[in-house]
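A short worksheet on the structure shown next.
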């Protein structure tokens with residue numbers, strides 16, 4: 001697995017890089033060499049935040065952990081990603097059909113052959129609007145996200161509210 005480590009308002013020492021690589025190497029048993037991991041460490045208000053994102057054949061595994069100590073956050077992060085894999089073992093095996101090995105994991109109690117249950121389908125007209133208008137509309141509706149047609153480039157975008165109260169935009173890459 002290729003690993004990229006970034007520090008934002010955080011100094012990443014060589015020792016810490018080695019710890020990250022060692023911890024993430026535990027996940028190598030699930031992925032082949034195509035997998036890549038991005039690890040971002042940052043410090044905010046007396047907390048250390050570690051974001052781990054693994055990309056593998058179009059699937060994204062992600063965790064974001066806040067802790068007082070970054071190494072504790074690293075341990076929790078690897079556990080979360082392994083739990084995601086364990087929980088979805090059957091579905092992941094079907095999706096990858098080789099290239100990934102989940103044989104090392106026992107089947108989880110909630111792992112089943114059932115498909116995801118969709119309980120509601122909603123349709124609405126996408127109106128062209130700016131990002132600011134979309135955020136306003138989202139807030140007026142009291143939603144955490146809002147899908148809209150961006151008036152600038154006529155692509156479908158999604159705005160969302162982040163945990164810290166800020167906003168994000170997801171734009172398609174074709």
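We did not get these values from a lab; they are worked out from the coordinates using the rules stated. Source: prediction; values computed, not measured. With ideal geometry, Cβ positions are generated from the backbone for all residues, glycine too; neighbour counts draw on all protein chains shown.
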Study note, to complete from the structure: Length-normalised contact order of segment 128-170, Cα under 8 Å, at least 6 apart, in percent, tallies to 33
Review point. Which value in deg cm²/dmol, rounded to the nearest 500, describes the helix-derived mean residue ellipticity at 222 nm for the chain, given -39,500 (n - 2.57) per DSSP H run of n ≥ 4 and division by the residue count?
Key: -8500 deg cm²/dmol
Revision key, fill the gap. Taking every DSSP bridge whose two residues both lie in segment 2-96, the antiparallel percent to the nearest 5 is 70
Practice item. Hey, could you grab the Kirkwood Rh for the chain? Inverse mean 1/r over distinct alpha carbon pairs, Å, one decimal. Key: 18.8
Point to revise | Distance between modelled label sites at residue 83 and residue 162, nm, 7 Å Cα→Cβ extension | key: 2.3
Review point. Per 10 Å bin from zero, what fraction in whole % of the C-alpha pairs of segment 128-170 is there, up to the bin with the longest pair?
Key: 33, 57, 10
Practice item. Kindly provide log₁₀ I(q)/I(0) values, in the same order as q = 0.17 Å⁻¹, from the Debye equation applied to equal alpha-carbon scatterers of segment 14-88. Key: -0.61
Point to revise | Pairwise FRET efficiency - residue 133 versus residue 64, Cβ, R0 = 22 Å, nearest 0.05 | key: 0.15
